[in-house]
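Reviewing the structure listed below.
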Amino acid sequence: MKPKLVYWVLIILFTILPIALESGFREGIERLSTFLWSLFLIPNILIMVMYPKWKIIIGSAFFYSLLKYAAEFSEDVPTHDKIELILLIAGSIVNGAILFTIGYFILKNNKLLKYVQKLTIIDSLTGLYNRRYFDLYMEKAVPISERSSLVLIMLDIDHFKRINDQFGHQCGDEALKHISDIIRHNVRKSDGYVRFGGEEFAVILPNTDVGHGKILAERIREVVEQSHFIYNDKQIRFTISIGIATYSGEETEEFIEKADKALYQAKENGRNRVGIFNVS
């Protein structure tokens, strides 16, 4: 059984069970009344685990409190004395405190988990996605490519070693951030863009043919060439070379190799240009 289905079975079970026992055996289990209503903690906690949001946590706690009071006062029994009412309300307060404490730690844990997951797919220097994200993106993009085309753009900075040697590695890092910002502002939300490693970047374009891929590549190349990159009050100009490949059913590594070959072709032809992979 799927975990969510199991959770819902338990939620229904522990919602019905306290009400059924309280109603069916009221006279025989009066002393266990507090324990029975505390069973409502179980469905509350399960709901928190499935839907960790404060609105749902508060709403769930409020709903089960109303359900408890409705069941408690719906039977045709003598009026509850003050002590029973105090105990009933005190039990609700204690259960509420338990739920909000558990809810706080569940939400805090989820926030930390999301942060850690984000770190595993984000390049710490540029803020772009990394190679791990590229692989995850390709897993989703490849099935879609069976119905439409998929294009991969590989690009890197021309003479990047010269920038590091002449201006220092800090300048090189700033140049990588500069390129990252240009890529981020020139692609669609549906595109995947990653720092592939070193000075090399990749952009995955789903539902795009090679013609539109080249238009985007040329735009990024021109923006980089004409951009004003300032480091230590000095303007540094540099260019990029770009390779483009279209997915045709090969393994991911072969797809990357095709784009890399086009990139090397662009460099061999003089750099600061776009190369397109040809089968021949």
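The values are calculated or read from the model by the stated rules, or taken from the named source; none is laboratory data. What you see is a predicted model; the values in this text were computed from it and never measured. Glycine also receives a Cβ, built like all others from the backbone with ideal geometry; neighbour counts cover every protein chain displayed.
Here segment 20-51 is the region considered, the condition is being over 38 Å from the mean Cα position of the chain (by Cα) and either closer than 17 Å to residue 62 by Cβ or not in a helix (DSSP H, G or I) (or both), and the residue that is modelled with the highest pLDDT is 25.
Total residues in segment 232-241 satisfying the condition of being outside any loop (DSSP other than H, G, I, E, B) and at pLDDT below 95: the figure is 3. With the structure loaded, tell me whether residue 153 is closer than 29 Å to residue 250 by Cα, surrounded by fewer than 14 Cβ atoms within 10 Å (Cβ to Cβ) and among the β-branched types (Val, Ile, Thr) or whether it fails that test. It is false that residue 153 is closer than 29 Å to residue 250 by Cα, surrounded by fewer than 14 Cβ atoms within 10 Å (Cβ to Cβ) and among the β-branched types (Val, Ile, Thr). Among residues of segment 210-232 that are farther than 13 Å from residue 184 by Cα, those with a Cβ under 8 angstrom from a residue that is of a type in the set (Val, Ile, Thr) and assigned to a helix (DSSP H, G or I), sequence gap 6+ or separate chain, pair up as 227/182.
When segment 148-201 is limited to residues that are under 20 Å from residue 130 (Cβ atoms) and of a type in the set (Ser, Thr, Tyr), the one that is modelled with the lowest pLDDT turns out to be 190. Of all residues in segment 246-260, exactly one satisfies the criterion of being in contact with a helix residue (DSSP H, G or I) (Cβ under 7 Å, 6 or more places away or on another chain) and assigned to a loop (DSSP other than H, G, I, E, B), namely 247. If you go through segment 266-273 one residue at a time, do you hit one that is of a type in the set (D, E, K, R), in a helix (DSSP H, G or I) and touching a residue at least 40 places away in the same chain (Cβ under 8 Å)? Within segment 266-273, one or more residues are of a type in the set (D, E, K, R), in a helix (DSSP H, G or I) and touching a residue at least 40 places away in the same chain (Cβ under 8 Å).
The set of residues from segment 95-118 being surrounded by 13 or more Cβ atoms within 10 Å (Cβ to Cβ) and more than 24 Å from the chain's Cα centre (by Cα) comprises 95, 96, 98, 99, 100.
Scanning segment 268-280 for residues being in contact with a Gly (Cβ under 8 Å, 6 or more places away or on another chain) and surrounded by fewer than 17 Cβ atoms within 10 Å (Cβ to Cβ) gives a total of 1.
Candidates 255, 238, 201: the one that is under 15 Å from residue 158 (Cα atoms), under 27 Å from the mean Cα position of the chain (by Cα) and surrounded by 15 or more Cβ atoms within 10 Å (Cβ to Cβ) is 201. Residue 260 meets the stated requirement of being of a type in the set (Asp, Glu), in contact (Cβ under 8 Å) with a residue 60 or more places away in the chain and either within 30 Å of residue 118 (Cβ to Cβ) or not assigned by TED's automatic domain parsing to the domain that holds residue 135 (or both).
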